[in-house]
1. Can you find, within segment 10-22, the residue that is surrounded by the most Cβ atoms within 10 Å (Cβ to Cβ) among those that are touching a residue at least 24 places away in the same chain (Cβ under 8 Å) and among the aliphatic types (A, V, I, L, M)?
2. Out of Leu56, Leu63, Leu46, Leu7, I need the residue that is at pLDDT below 85 and open to solvent by 90 Å² or more (accessible area, probe 1.4 Å). Which one?
3. List the residue pairs whose Cβ atoms are under 8 Å apart, where the first residue sits in segment 23-39 and is closer than 13 Å to Leu52 by Cβ and aliphatic (A, V, I, L, M), the second is modelled with pLDDT under 90 and assigned to a loop (DSSP other than H, G, I, E, B), and the two are 6 or more positions apart or on different chains.
Amino acid sequence: MILSSILNLGFLYFLLGWIIRIAMFIIVPYRRSASAAYAWLMLILLFPVGGLILYLLIGSPKLSGKRRL
């Protein structure tokens, strides 16, 4: 019982990682230099969940008012 729930969580994490990787191939290159897009994609390919969190925090190509200063 416990083993099957652990396997299900592992499979869900694996599936989530691949969904993030595939979606970011479409989202990241939008309005970026090639080197910046490459760097973001490498980070997300190596660390899908952590890379997605960093991308959502600091990866927007539009600068907010606070970041422009």
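The values are calculated or read from the model by the stated rules, or taken from the named source; none is laboratory data. Owing to the predicted nature of the structure, the values given are computational and were not obtained by experimental measurement. Neighbour counts are summed over all protein chains in view; Cβ atoms, including those assigned to glycine, are modelled from backbone coordinates with ideal geometry. Accessible surface is based on the protein model in full, side chains and every heavy atom, while ligands, DNA and RNA are left aside. Shrake-Rupley method; radii C 1.70, N 1.55, O 1.52, S 1.80 Å.
1. The selected residue is Ile20.
2. Details: Leu56 fails: at pLDDT below 85; Leu63 fails: open to solvent by 90 Å² or more (accessible area, probe 1.4 Å); Leu46 fails: at pLDDT below 85.
The unique qualifying residue is Leu7.
3. From residues that are closer than 13 Å to Leu52 by Cβ and aliphatic (A, V, I, L, M), the pairs are Val28/Gly59.
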